[in-house]
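Values quoted throughout were computed directly from the atomic coordinates according to the rules given, and no laboratory measurement underlies them. In this text, all values refer to a predicted model and were calculated from it rather than measured experimentally. Positions of Cβ are generated from backbone atoms using ideal geometry, with glycine treated the same way; all protein chains shown enter the neighbour counts.
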Amino acid sequence: MVKWAVASAFTSFFAFTLLDPYYLQFFTTDRGLNLSPTLFGLYVSFHSLVGFLLEYPSGTFSDKFGRRLSWALGLFAYGVGLLWLSQVTSFYLALITASFQGMYFALKSGSSSDWLYDHVGKEGMREAYGMYYLLAVPFTLVGGIIATLLGLQVAIWVPIAFVGIIMIANGAFILTFTENYGSKDKTSLQIAKEGGSQFFKNPILQIVAVQSFFMTLPVWINSAWWLTYLVKHYNPTVGKTALMFTISAVGGAAVGVYLHRSEQTNYQRFIIYPSLIMGVIYFMLPFFPAFWLYVGFITLVIVGARLRKAGLSILQNECIETERATALSFLGLISKFYWMVVPPLWGLVIELLTLKYTFLLAGGCTFFSLFLLSIALQMRENRENKD
């Protein structure tokens, strides 16, 4: 559990805290490729297409040959992709990195969380997520400090290459974990069939898949466009941009304290309430132009999104009985399909509405997701009462 939390937090809160300010600026501002929202949407769609094609086979690979191995190979692919990206000067060359990113998301999808769930179970998974978010504090602080210093000293491609190297190193660390499998004695075809059947016989998983479509816009804003809006609307320096990213990320670490102190998994607190808070804040953001208010509200959104992520991950694993990685990959397959389709759509919406008013649409999407998840959790409660 500890090694999982360290490896996962290292990727999410050190590597990505260091990478994201420069990665996003590299793509969407004149400090790099300066892609339009629509062109950046096409880039995201392309790596989603690659992930979509590899998603289900990678889940079967993970169950048969090992979840740890699949996870590590994904990190190797991402690292190589970043090393390439650090040297490109055009959108078309950047598509090679998109291919490696698609490989990463396919190989990691399910393999990380199902490796954990099969080792420690439902409540152990909650505690592991708590530890994961607690580790966010030191990892984010160190990553943010390094990102801020690099922003003052070096070209924008240097942090991108550096993160590529440490991603590869983290993959090597994961290879030291104890391996676990699904039904490795079965054929790949049998594993693929049984994994997919988990989705079709469980309406809760089906609802989770549907609601994830409506969360694509909020997720994209949380991961990318809030920072672009900050750069274009407030025009901070590169170093200050990295510092603001760090402040928002550290604020999200409060999730770790909450999960770690919780005595048991409570889906109302982990899914419903955070979704409600996120929806309200999205509706408020266009009307609070002050710089620090904007950063503060985004921090609250990040807190809510992380609680949702933990709650939904536990819920999905709880609903799956066998061939966990393959079943989760089926959900990932649906998600990848969404991400192939919606980025150009949302890119066009952003160009028409501007980022400022796209926040309102994100709020509406979040509330509809909340409605669907409320139905799913009521179904789960009814099922438990029958048992």
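Between Arg31 and Ser90, what length in nm is gained on full extension when 0.36 nm per residue of separation is reduced by their alpha carbon distance?
19.9 nm
Build a GNM of the chain with springs between Cα atoms under 10 Å: which of Asp185, Asp63, Asp114 gets the top mean-square fluctuation?
In this elastic network of the chain, the residue with the biggest mean-square fluctuation among Asp185, Asp63, Asp114 is Asp185.
Highest first, please rank the peptides 319-330, 41-52 by the mean number of other Cβ atoms sitting within 10 Å of their residues.
319-330, 41-52
Does the range 306-387 come out rounded, prolate or oblate by the C-alpha gyration tensor, with a ≥ b ≥ c the root eigenvalues, rounded set by a/c under 1.5 and, if not, prolate when a/b is larger than b/c and oblate if not?
Numbers: a/c = 3.24, a/b = 1.71, b/c = 1.89.
Here the range 306-387 falls in the oblate category.
For the residue pair Ile375 and Thr322, what label-to-label distance in nm results when each label sits 7 Å from Cα along the Cα-to-beta-carbon direction?
Label at Ile375, label at Thr322, 3.0 nm between them.
May I ask which residue of Gly164, Leu377, Leu360 lies farthest towards the positive end of the charge dipole of the chain, with charges of +1 (Lys, Arg) and -1 (Asp, Glu) on Cβ and the Cα centre as origin?
Leu360
Mind jotting down the distance between the C-alpha centroids of the range 335-383 and the range 150-215, whole Å?
Each part reduced to its Cα centre gives a spacing of 22 Å.
Regarding the range 1-96, what is the average projected area of its C-alpha convex hull, in nm²?
For the Cα atoms of the range 1-96, the hull's average projected area reads 7.0 nm².
As a test of the formula, what do you get for the chain when each DSSP H run with n ≥ 4 contributes -39,500 (n - 2.57) and the sum is divided by the residue count, at 222 nm and rounded to the nearest 500 deg cm²/dmol?
Values: 17 runs with 312 residues, N = 387.
About -27500 deg cm²/dmol.
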